[in-house]
Structures are given as structure tokens and as C-alpha cells.
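Note sheet for the following structure.
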Amino acid sequence: MADAVLELPAAADMHVHLRQGSLMRMVVPKLCDGGVGIAYVMVRAPPGRPFAHRDAPAMFAWKREAVAYRAELEKLVPPGSVTFMMTLYLCPDLTPDEIWKAKEAGIAG
């Protein structure tokens, strides 16, 4: 049998936490090394605790920061190698209007 080549498309990681600072700089390039082409990036929770419903203002502030966070991530991989899909934390306080605003800011995943 002749040598066969099986070429697989890039994988999608549907739930990643990419952290911040030096840990982020170490972890993000590993996505490319591992063959990930799309990464669904989870919300960065406030340090030391997960989100709770009372944190709704922090979530909406995060929405404004998500575009900048994605730009940070994109600097750590070759251009076009990974698509970072930013997510929102779903809770009763997240309105359809906030979701539309997020989409307009490029947060749609």
C-alpha cells in the first residue's frame, strides 16, 4: 500500500480559560502547537472568586474589555492561526440588548 496521508482540519476547543499575564503568554501559543484553530474563550472572572448574579456590572464591564483581551491573545499566535471566540457569562441580568451590544463589539460565539 502506498503511503497515505490523512489531513485533518484544525480542531475547535469549545471551552478554554486562557488566564492572564505570564501564564497566558505560556498557554496561548500551545493552542497552535496542539492544532487548535478555533477557541471559545471563557469569561475572566474577578480574581479569587467566580461570578455571581450580583456581579452583573462586572460582567458588562468585561464585555467592553473582551475586544482588548482578544487583541492580547491574537498577539501571542501567528496571524490567522487561531480564531478567538469571546464569550459572555449568562445570567438573569444579561439582557438581549446587552447581547446585541456585545455582537456589535465583535463578541459573538
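For the reader, a short list of remarks on this structure follows.
- Estimated FRET transfer efficiency when R0 is 35 angstrom, pair K101-D33 (beta carbons, to 0.05): 0.50
- Likely footprinting exposure, L76, L90, L18, L31, fewest C-beta neighbours within 10 Å first: L90, L76, L18, L31
- Among D13, D93, a tally of other beta-carbon atoms within 10 Å of each Cβ gives an order, fewest to most, of D93, D13.
- Residues V16, V41, ranked from the fewest to the most other C-beta atoms within 10 Å, line up as V16, V41.
Every read-out reported here was derived from the displayed coordinates using simple, explicitly stated rules and does not represent laboratory data. Everything quoted here is computed from the prediction, not taken from an experiment. With ideal geometry, Cβ positions are generated from the backbone for all residues, glycine too; neighbour counts draw on all protein chains shown.
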